[in-house]
Amino acid sequence: MDIIGVYLKEALGRAGCPVCYLLDKYEKSSIETILYEHVNDPFVREKFAESLGLCPYHAWKLKEIASSNPLYGGLGIAVIYEHMLSLYLKSLQKGEKIEEKECYLCKAVKEKEHDVVETFAERLNELLEDYKNSEAVLCKRHYELINSLLGEDTSLIESLREIQIEKLEGIREKMRKFIEKFDYRSREAPTQKEALAVLLAIESLKGLPLGVNFVKREKTGHFWRDFSWPWRLEFQRKNSKR
Ligand SMILES: [Zn+2]
Ligand SMILES: [Zn+2]
């Protein structure tokens, strides 16, 4: 199995959405690399300047990760944001409005999401059994994104839907037990799995707290609104040839 296959299998080894898990891991490691190696890298600094210090979500995420590890300390963040503040000040002094382009971490994670979702859809046939038997459960967004790439393969679409329903019913069942155990007549405490089900319910509806999951989406029914159409068409073309 190749490296992506290994990643996907690893992601299926934990409870929760495997796509969100891989994106979360990617986001954290990108931020750690910035803090560890690229604080003074002119290319990275340029990327920061484009959005005036990332989007609010990633700016605070960067700060959180920097504070969580003494290895990074506060210097990197101070150096970067002193520069960003200077840019803002300069624009104010000149009386110009400073433009904030898209945050480059948002862009990078979105691209990663493309890759992971695409790979998941491409390999769903071989992953289905592992997915079924795992505690993993795709969040609503990633289930729908994968589903929308399955094209005409109705049997695969149906199998995935059945597994998804089974998993969600399992979570609901555990949550009901969790709730029942709060009844004063109950003598049992909720089990760990029942407590975990509460978190899994939130994760299966909303995904992990990632930038991509915070983006407001219009209710157009197009899950690929953020994804370029040429890319999607290319994927369908490639897969119809298989
Ligand atoms: Zn997800
Ligand atoms: Zn961002």
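Looking only at residues of the range 155-193 that are among the β-branched types (Val, Ile, Thr) and open to solvent by less than 100 Å² (accessible area, probe 1.4 Å), we find that the one that is farthest from the chain's Cα centre (by Cα) is Thr191.
Within the range 50-69, residues that are more than 25 Å from Lys97 (Cβ to Cβ) and within 16 Å of ligand 1 (Cβ to nearest atom) reach no partner that is open to solvent by less than 50 Å² (accessible area, probe 1.4 Å) and modelled with pLDDT of 95 or more with beta carbons closer than 6 Å at six or more positions or on different chains.
Of the helices (runs of 4 or more DSSP H) contained entirely in the range 27-110, those carrying at least 3 residues that are among the β-branched types (Val, Ile, Thr) fall at 75-94. Within the range 140-153, being closer than 14 Å to Ile163 by Cβ and either among the hydrophobic types (A, V, I, L, M, F, W, C) or touching a Pro at 6+ places or on another chain (Cβ under 6 Å) (or both) holds for Ile146, Leu150.
This table checks each residue for (1) open to solvent by 20 Å² or more (accessible area, probe 1.4 Å); (2) closer than 30 Å to Ser51 by Cβ.
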{"position": "Ser91", "(1), (2)": "no, yes"}
{"position": "Lys94", "(1), (2)": "yes, yes"}
{"position": "Glu100", "(1), (2)": "yes, yes"}
{"position": "Lys107", "(1), (2)": "yes, yes"}
{"position": "Lys110", "(1), (2)": "yes, yes"}
{"position": "Thr119", "(1), (2)": "no, yes"}
{"position": "Glu129", "(1), (2)": "yes, no"}
{"position": "Cys139", "(1), (2)": "no, yes"}
{"position": "Ile146", "(1), (2)": "no, yes"}
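Here Glu50, Glu10 are screened, and the one residue that is surrounded by 13 or more Cβ atoms within 10 Å (Cβ to Cβ) and at pLDDT 95 or above is Glu50.
Hey, can you tell me all the residues within the range 134-183 that are assigned to a loop (DSSP other than H, G, I, E, B) and under 27 Å from Asp115 (Cβ atoms)? Answer for the range 134-183, where residues must be assigned to a loop (DSSP other than H, G, I, E, B) and under 27 Å from Asp115 (Cβ atoms): Ser134, Glu135, Val137, Leu138, Cys139, Leu149, Leu150, Gly151, Glu152, Asp153.
The values are calculated or read from the model by the stated rules, or taken from the named source; none is laboratory data. If you're wondering where the values come from, they're calculated on a predicted model, not measured in any experiment. We place every Cβ from the backbone using ideal geometry, glycine too, and count neighbours over all the protein chains shown. Accessible surface areas use protein heavy atoms only, side chains included; no ligands, DNA or RNA. Shrake-Rupley method; radii C 1.70, N 1.55, O 1.52, S 1.80 Å.
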